[in-house]
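The values are calculated or read from the model by the stated rules, or taken from the named source; none is laboratory data. It should be emphasised that the depicted structure is a prediction, and the values quoted were computed from it without experimental measurement. Positions of Cβ are backbone-derived with ideal geometry, glycine not excepted, and every protein chain shown enters the neighbour counts.
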Amino acid sequence: MKMKVTLIKIFEFNNMIIAGAFSPRRNANLSQFSRTAAKIAIFVIALTLSIASFSPPASADFRAFSERVELSADGGAVSKISLVGDGAAGAMIPCSFQKASSASLGSGPSETALEIRNRGGANFIIVPAGVVQASAPVELTCKVSDAFDSAEASVTDFGNITGKYSFVNSTGQKIGSFEVTVVMPEGFLVNAVDEYQPKLSKNDPNDPFTLSVIGGRRAITLKCSNLKYGDRASLKWRMKSGKRSWGLLLLFLIAAAWYLVVFRDIINPRDHREHGHEKDARAKDLPDGGRSGANDGAAAEKK
């Protein structure tokens, strides 16, 4: 209502200027083109002033935004967000995953449920006015069920699973310091980090992400700063379960034993050649070169 009244006053002032500046009694020689151009210029100035009067103050920016995503083996995740603002009055925090089941403020007995609102296909956590403060961080928790597809391991090479994280700053406020840590499920390994944003610039000597181990679990941490409205921070990686399959190992052992038994002649034919050479040597040691023994054997077969 306040904005409407202000705009009405601006337009009334605009009309007064136009009426006074272009009255026939004051200036009857101005062309119609000049009048139209002046009207457009005054309208643009008035519109700019009205928008500027309702823009949020600089103190509404988030000084720090930190998120920790803990993945589970079934594909779900728990996201814990920490916010520090300079007097921000309410906010819509974008969810990094599509299927957010619940969100809350604080923990324990003081935990308060928060609304999750869908706008344009994206989910937002609605933070009430006066919650985010500059003096201490505010903790939010969000539970999701579609962090990754756990069934992908059965259809990909080497059991790899693709993981994705994407945060788009659609809060309407600039984020001074941004950090996200994605913790892999228990026993999972990170094979590769395929994509990340923001991209490296010429002045950045190192990648914006780091690999680490937190509480015995592999993790990826991405850091950046000065995220403006519409800027993106994202990760895409490949992970796999590091647990050994004893059934598969037993199958390999059985196959190896079968191969040794069936193809032993091919694997070590030297032993058979050596036995043949020993037989020939014994035959040569006989007086007639072993021919009598061979003749006796042939006669016995005829009888």
Options Val213, Val262: the member that is among the hydrophobic types (A, V, I, L, M, F, W, C), at pLDDT 55 or above and under 30 Å from Phe178 (Cβ atoms): Val213
Can we say Ser234 is among the hydroxyl-bearing types (Ser, Thr, Tyr), surrounded by fewer than 17 Cβ atoms within 10 Å (Cβ to Cβ), out of contact with any Leu (no Cβ under 6 Å at 6 or more places or on another chain) and touching a residue at least 40 places away in the same chain (Cβ under 8 Å)? yes
Only one of Asn123, Asn118 that is at pLDDT 90 or above, of a type in the set (S, T, N, Q) and surrounded by 15 or more Cβ atoms within 10 Å (Cβ to Cβ): Asn123
What are the residues in the stretch 104-143 that are within 20 Å of the chain's Cα centre (by Cα) and under 14 Å from Glu67 (Cα atoms), if any? Ile125, Leu140, Thr141, Cys142, Lys143
Answer with yes or no whether Val144 is buried (at least 17 other Cβ atoms within 10 Å of the Cβ), modelled with pLDDT under 95 and over 30 Å from Leu189 (Cα atoms). no
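Does Leu200 satisfy the criteria of being assigned to a loop (DSSP other than H, G, I, E, B), free of Cβ contacts under 8 Å to residues at least 40 places away in the same chain and assigned by TED's automatic domain parsing to the domain that holds Arg232?
Yes.
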Does the stretch 233-256 hold any residues that are modelled with pLDDT of 95 or more and either over 25 Å from Asp157 (Cα atoms) or more than 16 Å from the chain's Cα centre (by Cα) (or both), and which are they? Ala233
